[in-house]
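Quick note: the coordinates plus some simple rules give every number you see, no bench work behind them. Because the structure is a prediction, the values reported are computed rather than measured. Cβ placement follows ideal geometry from the backbone for every residue including glycine, while neighbour counts extend to all protein chains displayed.
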Amino acid sequence: MSQTVVLEQNAVETQSITLKFDGCSSDANPSPIVNPENQSITIKFDDQASNHHTIPVSIPNVDSETEAAVNEFLRKHGSSDEESVRTDAMNDLWSFIERQEIGTVVVLVKFASDVKNFELLEIFCQRVADVIAKKTVEEVREIFNIANDFTPEEEQAIRDEHRWAFED
Amino acid sequence: MMSSLRPDLTTKIFPEPPFTAEHVDHFDLLPDSLLLLIFNNIGDVKALGRCCVVSKRFHNLIPQVENVVVRVDCVISDNDATSAAGASDKSRGPFSSLVRLVFGGIVKPIQAIGQFLGPKRSSPLPSSSTSSALSVGNNGDDDVEQLGGVTHHSPTQVLKNFCDIRFLKIELPSGELGIEDDVLLKWRADFGSTLDNCVMLGASSVIQPQNLASSENNSDTVCGNGNGISNDDNGSIPESFYTNGGLKLRVVWTISSLIAASARHYLLQPIISEHKTLDSLVLTDVDRQGVLCMNKEQLEELRVKPLSASSASKRTLVPALTMKLWYAPHLELPNGTVLKGATLVAIRPSEQSGQKEVNDGSWVASAFEEPYGSAARMLAKRRTYCLEMNSF
């Protein structure tokens, strides 16, 4: 199945360039194939699954530094099958994420889920989990802006039920 | 208000300051499935317990967490539960709690053999129905008990808050077996209704690589060839081993490990019967001395076919066993560590051995993390000695 896009090159000569998207190619790098007869240029892209690790992605709602760090991870992680390279990429991303505001990391969790990148999802979820695990109830509410929707009586009842969680 | 987006229609809306970006609940971005994924990465059961208090949404999701780690604070034996005594008294029936072995100090090997293999004592067992156990806090009963002014809670009670656990790891505060600092003793046991297999690795002393720097400078080629066999060592056990107490000591190590493993297995019954969604259960300790593992099939087997308890103590009956033993007086590991008097014992129930003659190397070597996995592999290449042991 191919999609055809027609571009207008300039206003005077309506020379149109037709780009055909072929989803089934195995080429790592898109290379245009020019067909002189109908002046069409075919650019073949890899299908989604094998290539989405290396195409730079744009991440909504995060700053450019974060987007760059994530893309650097994707590039490095996807570039090699070697364990040490991948581990380095993960460690770098992890160090970067630890320095970011937690709100950003939550946005990244959503992003990773949306693009179905499970390595990223694991890293970001683990970071949020680590933050939650270390904090008190009040701190967790404050850091994540969570409203306490229990009445004081309800909260006390739950605290009593879970006394073991508060004893050291 | 962002809370109106939640599916929970009973959420109360409290008066809040005017809506600004800073007051948005970060988790409003995430569906329950992703929040649950985050909770599944927390592990620590106390942190999960605290989460229940944070908000109604958290409170409703936590019971669905699949991955839970319980770090036990202290282990209390039966006798502690019925009397105010702190340290246990050696004279009270040695079978009932291995904890006693630790608190009572290091037991001499000969005494230990007498205690483990001797006739059944007639001393009355404590009338308390509590098992010596695990407490995220306390005793094995569901009741919260006051002990020395401190309130304790059992893991069974704590885990009642979860209904979907698939991966459960319980970590005891220390290994049960009291041994000298230098001695290495590690075991790994897999159980279904009864013991499926157990591997024990021991050494009378462990010398770390940095301590070797000044000594041992001429025999490295002899020992460092990776298969644990040096020039003057044909892989056999030296005669002296049988007479100087070496064999006896190792039998004690083996039996102690089996007792510890079977006691742990016994303690897990209430948790296993209650949590039918379990895929994997691991009971380990902070010292990494012993690891008890049960996979999904083994857990199901225990639910269907209850364990047989040992008559004299709160532990599972250990069946008749066939054991393979390997020994090396001096074993140098790839990372430079040296084990003296290194011993590997691979244990299986006698009635099992006939069936699957699996490649012993694989399940034995994979029992321990490095560097001990290498030690096991090296030892298993040496001459094999077979032992049989009765059920106990």
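Quick notes
- Listed values for the stretch B:275-288 are Karplus-derived 3J(HN,Hα) couplings in whole Hz (6.51 cos²θ - 1.76 cosθ + 1.60, θ = phi - 60°), namely 9, 7, 8, 4, 9, 7, 10, 10, 10, 10, 9, 4, 6, 6, and x replaces Gly and Pro.
- FRET efficiency estimate (nearest 0.05) - Cβ-Cβ, A:Ser80 to B:Ser273, R0 41 angstrom: 0.30
- Whole-Hz ³J(HN,Hα) from phi, Karplus 6.51 cos²θ - 1.76 cosθ + 1.60, for the stretch B:259-271, glycine and proline x: 5, 4, 5, 6, 5, 4, 4, 4, 5, 7, 3, x, 5
- Take the Cβ atoms of B:His330 and B:Leu387, set R0 to 22 Å, and the FRET efficiency comes out at 0.45.
- Full-extension gain in nm, B:Arg71 to B:Asp287, via 0.36 nm per residue minus C-alpha separation: 76.5 nm
- FRET efficiency for the A:Asn71 to A:Ala157 pair, using the beta carbon distance and R₀ = 45 Å, is estimated at 0.40.
- Modelled spin-label separation between B:Gln210 and A:Ile55, with each label point placed 7 Å from Cα along the Cα-to-Cβ direction: 5.2 nm.
- Cβ-based exposure ranking for B:Lys186, B:Lys324, in which fewest neighbours within 10 Å come first: B:Lys324, B:Lys186
- The length gained by stretching the chain between B:Glu239 and B:Asp164 to full extension, at 0.36 nm per residue less their Cα-Cα distance, is 21.5 nm.
- Residues B:Arg315, A:Arg127, ranked from the fewest to the most other C-beta atoms within 10 Å, line up as A:Arg127, B:Arg315.
- Look at B:Met323, B:Met200, B:Met378 and count the other Cβ atoms within 10 Å of each Cβ; fewest to most, that gives B:Met323, B:Met378, B:Met200.
- Annotation for the stretch A:74-152 versus the stretch B:247-293: alpha-carbon center distance of 35 Å.
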